[in-house]
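A quick write-up on the structure given underneath.
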Amino acid sequence: MARHVVAQVGEIAPGTCKAVTVAGRDIGVFNVNGEHYALINRCPHEGAPLCWGQITGRFESDRPGEYRLTHVGEMLRCPWHGWEFDIKTGQSWCHPESVKARTYPVTIVPGEALAKGPYVAETVPVTIEQDYVVVEF
């Protein structure tokens with residue numbers, strides 16, 4: 001799997017998102033209480049740009065008239081129709097059994113490690129057979 005540097009850690013403050021394009025895909029990178037997560041920037045319901053949505057929490061209730069806000073800063077509300085997604089898993093809160101926004105693995109890598117590489121140029125074997133040059137992949 002190819003790795004892509006998308007930001008310095010300090011560029012994405014807790015409770016915020018940075019929209020990036022990686023290998024032709026629009027992705028949102030989120031900082032949830034110091035942990036970083038990435039979701040496709042496309043709502044699976046109607047295709048809205050999820051990164052434009054509000055980062056919020058989840059209301060839970062054990063009985064009518066009483067509720068509490070949980071998972072503060074861990075939910076993302078679609079800007080078009082209000083569908084909510086768990087930023088950590090991509091799971092839809094509206095249809096958890098069947099709808100999920102695609103997630104991508106995120107790692108934090110020290111700049112020193114990135115500078116070291118390993119960087120290797122891609123090579124392919126070349127042979128000459130009679131009058132033809134043949135390149136093998």
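Annotations
- The order of 62, 86, going from fewest to most other C-beta atoms within 10 Å of their C-beta, is 62, 86.
- Sum of side-chain charges, residue 48 neighbourhood, beta-carbon under 13 Å (Lys, Arg +1; Asp, Glu -1): -1
- Translational D in µm²/s for region 40-90 (Stokes-Einstein at 4 °C, 1.567 mPa s, Kirkwood Rh from C-alpha pairs): 113 µm²/s
- Across 64, 96, 79, mean-square fluctuation computed from a Gaussian network of the chain (C-alpha pairs under 10 Å connected) peaks at 64.
- Listed residues 16, 56, 107, most fluctuating in the chain (Gaussian network, C-alpha, under 10 Å): 107
- Summing charges over neighbours of residue 26, with a neighbour being any other residue whose Cβ is under 12 Å away from its Cβ, gives +4 when K and R count +1 and D and E count -1.
- By the beta-carbon count within 10 Å of each Cβ, the least crowded to most crowded order of 30, 85, fewest first, is 30, 85.
- From least to most packed, judged by other beta carbons within 10 angstrom and beginning with the fewest, 27, 55, 108 follow the order 108, 55, 27.
- The chain - mean residue ellipticity at 222 nm from DSSP helices (-39,500 (n - 2.57) per run, n ≥ 4, rounded to 500): -1000 deg cm²/dmol
- For residue 56, the residues whose modelled amide H falls within less than 5 Å of its own, excluding neighbours fewer than 5 places apart on the same chain, are 73, 74, 75, 76, 77.
- Backbone phi angles across region 78-90, fed through the Karplus curve with coefficients 6.51, -1.76 and 1.60 (θ = phi - 60°), yield HN-Hα couplings of 4, x, 8, 10, x, 4, 10, 10, 6, 4, 6, 10, x Hz in residue order; Gly and Pro are listed as x.
Here, each number is a calculation from the coordinates, and none is a lab measurement. Just so it is clear, the structure is predicted and the values come from calculations on it, not from any experiment. Cβ coordinates were reconstructed from backbone atoms using ideal geometry, including for glycine residues, and neighbour counts include every protein chain displayed.
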